[in-house]
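Enquirer: Here you go, one structure.
The values are calculated or read from the model by the stated rules, or taken from the named source; none is laboratory data. From a predicted model like this one, the values you see are computed outputs, not experimental measurements. All Cβ positions, glycine included, derive from the backbone under ideal geometry; neighbour counts span all protein chains shown.
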Amino acid sequence: MGIASPRAGWWKEPIHKVELIWIIVAFLWGLGMFFMMIYWHGVGNQNLSNEAYRITPAAYAAKVDKMTEEYTVRQEGAFPVVRPPPGSDVYMMGRVYMWWPMLELVKGETYRLHLSSIDLQHGFSLQPVNINLQVHPGYESVVTMTPNQTGQFGIVCNEYCGFGHHTMTGRIYVVDNK
Amino acid sequence: MTAATHFRTCPTTGLKIDRSAENLIKANAVVAVVFLLIGGLFGLSIALTRWPAVHLLPADWFYLALTAHGFDVLLAWIIFFEMAVLYFASAILLNSRIAAPRWGWAQFWLMLVGALMTNVAVLQGNSSVMFTSYPPLVAAPHFYLGLVLFAVGALIGCAVFFGTLVVARDEKTYQGSVPLVTFGAITAAIIAVFTLACGAIILIPTFLWSIGIISGVDPLMYKLVWWGMGHSSQQINVAAHVAVWYAIGAMVLGAKPISEKVSRMAFLMYILFLQLASAHHLLVEPGVSSSWKIFNTSYAMYLAVLGSMIHGMTVPGAIEAAQRAKGFNKGLFEWLRKAPWGNPAFAGMFLSLVMFGFLGGISGVVMGTEQINLIIHNTIYVPGHFHATVVAGTTLAFMAITYLLVPLIFRREVMFKKVAQWQPYVFGLGIAGISLFMMGAGTLGVPRRHWDITFADALSQFQFSPAAFLMLALNGLSAIVAAIGGAMYIIVVVCSVFLGRKIGDNEVVQLGPVSGAASAAAVARYGNEGTLKIPGTVVLVAVFFVSFVLYYFVNWKYLAEVWPLK
């Protein structure tokens, strides 16, 4: 037997009321979540810009070098620590296996942070703040960032980039304006 | 072609079974389980490496194991099993012969050769590029070639499935519309065609790049198209395991959907909107606009999520209605208390349903929110989420239906009944732990795919909180529990298939509280459940909805606390 003849016209049978209510509730909730993202672009303080450019690795490295030459304030191990003026464009470069250079920023000031990679894809993960951005070679993205706490923040790479991936780190210092 | 000798009649369900289809189901299911075993062992070794106190593997082996784990369980185990599900939902449920069984074997061998080729490439050690293989990271050419062969094989399987639907319709092996379970499988197969085509479209140029014929693959374009395979293939899983939920509800309890129309509409929403999910992986990427992100990440205003939320009511609702019809009418939850919890098919199915919804579904929508993604992207929260969907959801559902396929298709009695009874609980507990603790660690910022969060060899140091280390240790413990549950499954299934008592040609198997004939009628025909009172399901759904809303806004609050960005 297995197959019995079907009940004709199942598509005309009315929808159970409880199902209908749930469909409406779920649909409205979906709309709510959709408009929440748009709403946050208006009122929220954490949104990503859509600003990005194509760039060659060499051209990006040149920009980073220029900033480093101009504003390095001290050396920490392998890393120069760079303190560009508040409000300016600051550059961070991903490469195997470091985030280059270290930055020193002033709390409450706004910076245009540029991110790119000169080799593979990397993940810019600022900890413990927990801001995570994807960094591509060939693309330079810009995000306007306002550090609101002082301290020492780690940058971890959270996109796999080869056997040394777990050694790829960097640092951002945030200091009070003195 | 339709010679009677090609068929046997199943004494339990009365279904007419094409022996070629049956052999294809067996072959695909067996290979699937072998890949589950291999991939599962890799998975355990990864969790034990990420447990800082154990730190099992050296770094290069860790990244190798992670690449192999991703491919073997996320693609090989699941897609081989899905091929079995497709043949079952077409030829078997429709009483039909399978179209072009030779092409069915082409599917099987191509996928097997492809899967082995990719595994060999990974084990040779120069293709530890992760399952995602993002360029400019490059793997050995046969890594990509294996993936392409695997995808082409699976596409052939989909073609055989669609061909079987046509044959069944032409030869009038069923009347009217296809049953709901088959409808769900059609959904899965349509999504699969899109998915596998995406895979082939991006992996062929990547292969050509790896052998030096073309000069480069744009990393952003790769990601967009690759995730058309990577994420959409998880939507095949969703469609397939929802179909499996309906199948198990029907076969074990005789449950019929509350209304066919609603359940089918929900599947239709998957076909129309689920493919947009590639965007989930591009929310913090340069070069993609916010409006593109918002539209795509929400599956066009959450219409695919709506589909899942509907199934989240109709599946337990169907079970409640079936149970109430049997007289379990006391209070809100007698139907649930007196459900066959000792039957591993039912227990696995229900745990899969609950964990997929509460752990996988909610976390997925939250982290797929455009702005919230920036506090979650590439942290270990992400694997926490997808272990809840793919392992607790899909794998547990596939394990559950195996307990029905062994007697019906392999025609062997399930051995070690006690072990089988406990298996879904042990595995489910382990997976729930894995998912929750990874999500917990991710909330604390711990990166995914990372060998050493103490950064012992790094040029500059950073210290994660002790809570993060605790979470990773608990994740390791949970992985051991899950591995025990997985081993229980494999032991029961392998022993039953090869050593279990043979079921006679005329012997009727008891699948659950309802008779085999009633099972078959419930699963292989369509029609609405008559009973209209499902207050217990309403309460369950309300609890789910409140959890969803609360967790969603909690994460907006977390987001609001990070440094202002624009």
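Enquirer: Scanning region B:151-194 for residues that are outside any helix (DSSP H, G or I) and of a type outside the set (Gly, Ala, Ser), which turns out farthest from B:GLY114 (Cα to Cα)?
Expert: B:GLN175
Enquirer: Would you check which residues across region A:148-178 are crowded, with 17+ Cβ neighbours inside 10 Å and free of Cβ contacts under 8 Å to residues at least 40 places away in the same chain and list them?
Expert: A:PHE153, A:GLY154, A:VAL156, A:ASN158, A:GLU159, A:TYR160, A:PHE163, A:HIS166
Enquirer: Looking only at residues in region B:527-557 that are surrounded by fewer than 16 Cβ atoms within 10 Å (Cβ to Cβ) and within 8 Å of chain A (Cβ to nearest Cβ), which one is modelled with the lowest pLDDT?
Expert: Taking the candidates together, the pick is B:LEU532.
Enquirer: Still on this structure, I have one more. All but one of (1) surrounded by 20 or more Cβ atoms within 10 Å (Cβ to Cβ); (2) in contact (Cβ under 8 Å) with a residue 60 or more places away in the chain; (3) more than 19 Å from B:ALA192 (Cβ to Cβ); (4) assigned by TED's automatic domain parsing to the domain that holds B:CYS198 hold for B:SER308; which doesn't?
Expert: Among (1) surrounded by 20 or more Cβ atoms within 10 Å (Cβ to Cβ); (2) in contact (Cβ under 8 Å) with a residue 60 or more places away in the chain; (3) more than 19 Å from B:ALA192 (Cβ to Cβ); (4) assigned by TED's automatic domain parsing to the domain that holds B:CYS198, the lone unmet condition for B:SER308 is (3).
Enquirer: Would you tally the residues in region B:258-286 being β-branched (Val, Ile, Thr) and touching a strand residue (DSSP E or B) at 6+ places or on another chain (Cβ under 9 Å)?
Expert: Summing the residues that are β-branched (Val, Ile, Thr) and touching a strand residue (DSSP E or B) at 6+ places or on another chain (Cβ under 9 Å) in region B:258-286 gives 1.
Enquirer: Run B:SER460 past the list (1) surrounded by 22 or more Cβ atoms within 10 Å (Cβ to Cβ); (2) touching a strand residue (DSSP E or B) at 6+ places or on another chain (Cβ under 6 Å); (3) of a type in the set (S, T, N, Q) and report the number of the one that doesn't hold.
Expert: All conditions are met except number (1).
Enquirer: Please go through (1) in the same structural domain as B:ALA100 (by TED's automatic domain parsing); (2) in contact (Cβ under 8 Å) with a residue 24 or more places away in the chain for B:THR182 and return the number of the only condition it doesn't satisfy.
Expert: For B:THR182, the exception is condition (1).
Residue-by-condition table, conditions (1) surrounded by fewer than 22 Cβ atoms within 10 Å (Cβ to Cβ); (2) touching a residue at least 24 places away in the same chain (Cβ under 8 Å); (3) farther than 27 Å from B:LEU268 by Cβ; (4) not assigned by TED's automatic domain parsing to the domain that holds B:HIS241:
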| position | (1), (2), (3), (4) |
| --- | --- |
| B:VAL152 | yes, yes, yes, yes |
| B:LEU155 | yes, yes, no, yes |
| B:PHE161 | no, yes, no, yes |
| B:THR164 | no, yes, no, yes |
| B:ASP170 | yes, no, no, yes |
| B:THR206 | no, yes, yes, no |
| B:TRP209 | yes, yes, yes, no |
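Enquirer: Could you give me the residue pairs with C-beta distances under 8 Å whose first residue belongs to region B:94-116 and is outside any helix (DSSP H, G or I), whose second residue is surrounded by fewer than 24 Cβ atoms within 10 Å (Cβ to Cβ) and among the aromatic types (Phe, Trp, Tyr) wherever it lies, and which are 6+ apart or on separate chains?
Expert: B:LEU94/B:TYR174; B:ASN95/B:TYR174; B:SER96/B:TYR174; B:ARG97/B:PHE7
Enquirer: Looking at region B:155-163, can you tell me whether even one residue there is closer than 28 Å to B:VAL315 by Cα, in contact with a Ser or Thr (Cβ under 6 Å, 6 or more places away or on another chain) and away from chain A (no Cβ under 13 Å)?
Expert: Yes, that holds for at least one residue.
Enquirer: Any idea which of (1) crowded, with 24+ Cβ neighbours inside 10 Å; (2) of a type in the set (Ser, Thr, Tyr); (3) facing chain A (nearest Cβ under 9 Å) is the one B:TYR270 doesn't satisfy?
Expert: Of everything listed in (1) crowded, with 24+ Cβ neighbours inside 10 Å; (2) of a type in the set (Ser, Thr, Tyr); (3) facing chain A (nearest Cβ under 9 Å), B:TYR270 misses just condition (3).
Enquirer: Is it the case that B:PHE62 is assigned to a helix (DSSP H, G or I), surrounded by 20 or more Cβ atoms within 10 Å (Cβ to Cβ), over 23 Å from the mean Cα position of the chain (by Cα) and in contact (Cβ under 8 Å) with a residue 24 or more places away in the chain?
Expert: yes
Enquirer: In this structure, is B:PHE80 at pLDDT 95 or above, over 22 Å from the mean Cα position of the chain (by Cα), crowded, with 20+ Cβ neighbours inside 10 Å and not assigned by TED's automatic domain parsing to the domain that holds B:ILE490?
Expert: No.
Enquirer: Can you say whether B:MET229 is over 21 Å from the mean Cα position of the chain (by Cα) and either closer than 29 Å to B:TRP61 by Cβ or at pLDDT 95 or above (or both), as far as the supplied structure shows?
Expert: no
Enquirer: Still on this structure: Checking B:PRO136 against (1) surrounded by fewer than 20 Cβ atoms within 10 Å (Cβ to Cβ); (2) out of contact with any Asp or Glu (no Cβ under 9 Å at 6 or more places or on another chain), which single condition isn't satisfied?
Expert: With (1) surrounded by fewer than 20 Cβ atoms within 10 Å (Cβ to Cβ); (2) out of contact with any Asp or Glu (no Cβ under 9 Å at 6 or more places or on another chain) applied to B:PRO136, the lone miss is (2).
Enquirer: Quick test for you: out of A:VAL64, A:VAL82, pick the one residue that is in contact (Cβ under 8 Å) with a residue 24 or more places away in the chain and more than 10 Å from every other protein chain (Cβ to nearest Cβ).
Expert: It is A:VAL64.
Enquirer: Follow-up. Test of understanding: among A:GLU109, A:GLU69, which residue is more than 7 Å from chain B (Cβ to nearest Cβ), among the charged types (D, E, K, R) and either crowded, with 17+ Cβ neighbours inside 10 Å or out of contact with any Pro (no Cβ under 8 Å at 6 or more places or on another chain) (or both)?
Expert: One residue alone meets the criteria, A:GLU69.
Enquirer: Only residues that are of a type in the set (A, V, I, L, M, F, W, C) and over 19 Å from the mean Cα position of the chain (by Cα): list them for region B:162-184, please.
Expert: Hits for region B:162-184 are B:PHE162, B:LEU165, B:VAL166, B:VAL167, B:ALA168, B:VAL178.
Enquirer: Any residue at all in region B:423-441 that is β-branched (Val, Ile, Thr), surrounded by fewer than 20 Cβ atoms within 10 Å (Cβ to Cβ) and part of a loop (DSSP other than H, G, I, E, B)?
Expert: No - not one qualifying residue is present in region B:423-441.
Enquirer: If I filter region B:275-282 for residues that are touching a helix residue (DSSP H, G or I) at 6+ places or on another chain (Cβ under 6 Å), surrounded by fewer than 22 Cβ atoms within 10 Å (Cβ to Cβ) and farther than 25 Å from A:SER141 by Cβ, do I get at least one hit?
Expert: Yes, region B:275-282 contains at least one residue that is touching a helix residue (DSSP H, G or I) at 6+ places or on another chain (Cβ under 6 Å), surrounded by fewer than 22 Cβ atoms within 10 Å (Cβ to Cβ) and farther than 25 Å from A:SER141 by Cβ.
Enquirer: To continue, here is another question. Answer with yes or no whether B:VAL419 is surrounded by fewer than 24 Cβ atoms within 10 Å (Cβ to Cβ), away from chain A (no Cβ under 14 Å) and modelled with pLDDT of 95 or more.
Expert: Yes: the conditions hold for B:VAL419.
Enquirer: Going by the structure shown, is A:TRP10 within 14 Å of chain B (Cβ to nearest Cβ), closer than 30 Å to B:LEU15 by Cα, hydrophobic (A, V, I, L, M, F, W, C) and surrounded by 12 or more Cβ atoms within 10 Å (Cβ to Cβ)?
Expert: When the stated conditions are applied, A:TRP10 passes them.
Enquirer: Now for a separate question. So which residues in region B:442-457 are crowded, with 18+ Cβ neighbours inside 10 Å and either of a type in the set (S, T, N, Q) or within 18 Å of A:ASN132 (Cβ to Cβ) (or both)?
Expert: B:GLY442, B:THR443, B:LEU444, B:GLY445, B:VAL446, B:PRO447, B:ARG448, B:ARG449, B:HIS450, B:ILE453, B:PHE455
Enquirer: Related question: Of all residues in region A:36-61, which are facing chain B (nearest Cβ under 9 Å) and farther than 19 Å from A:LEU133 by Cα?
Expert: Matches in region A:36-61: A:MET36, A:ILE38.
Enquirer: With the requirement that a residue be more than 14 Å from A:LEU48 (Cα to Cα), at the interface with chain B (Cβ under 7 Å from one of its Cβ atoms) and in contact with a Phe, Trp or Tyr (Cβ under 8 Å, 6 or more places away or on another chain), what does region A:131-157 give you?
Expert: A:TYR139, A:PRO147, A:ASN148, A:GLY154, A:VAL156
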